[in-house]
Structure formats: structure tokens, C-alpha cells
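Trainee: Quick one: the structure is below, questions incoming.
Each reported figure results from applying straightforward, stated rules to the coordinates on display, with no laboratory input. Just so you know, these numbers come straight off a predicted model, no measurement behind them. Methodologically, a virtual Cβ is constructed for each residue, glycine included, from the backbone with ideal geometry; neighbour enumeration extends over all protein chains shown.
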């Protein structure tokens, strides 16, 4: 059975709502944010950090905006991809 997961799209919700109060122990929590290292330590509320630790949540971050920009620029710099059917016999 897959583990439950939570995804948080708007980092402003981190300080406005208790987004993980119903998270089950061992659940996965993915936060979309450009924050890294010291910024996470500074900006995540203490209660959230305590909940992550006490419930043994798998906590991950992703900067989805950065990833999308990198992929977009990669696609734009690549030669066009032509989709065609194989020739008929």
C-alpha cells in the first residue's frame, strides 16, 4: 500500500495554515519552494519542523518554477522534434 503524501504548492500557506496537522506518521511531504538550507530553517514555522520530526515525515522540497524554466529553455534550444509515422510498406 503506498504511503500517503502531501504536496504544498503555495509556500505562503506554510505560515498561514497548519498544512501537516493531519499527516500520518511516515507520510511524504513535498514543498514547492525556492528556499534552501538556511532559508528553510529560518522560514519554516517551529511547529511544522517539530511535526515533521515527531511524525517521521519524509520531507522534500522542489523549486518547480526553476525546473520548468530549465526544461523550457532546453526544449527551446533543441532542434525541433518531428513526429511522423513510419513509411508504409
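Trainee: Could you tell me which of rounded, prolate or oblate describes segment 16-65, using a ≥ b ≥ c as the square roots of the eigenvalues of the alpha-carbon gyration tensor, with rounded for a/c under 1.5 and, failing that, prolate when a/b is larger than b/c and oblate otherwise?
Mentor: Verdict is prolate for segment 16-65.
Trainee: Stretched out fully, how many nm does the piece from residue 61 to residue 32 gain, at 0.36 nm a residue minus the Cα gap?
Mentor: 9.9 nm
Trainee: Something else about it: Ranking request for peptides 47-56, 28-37, 64-73: highest mean number of other beta-carbon atoms within 10 Å first, then the rest in descending order.
Mentor: Those peptides, ordered most packed to least, come out 28-37, 47-56, 64-73.
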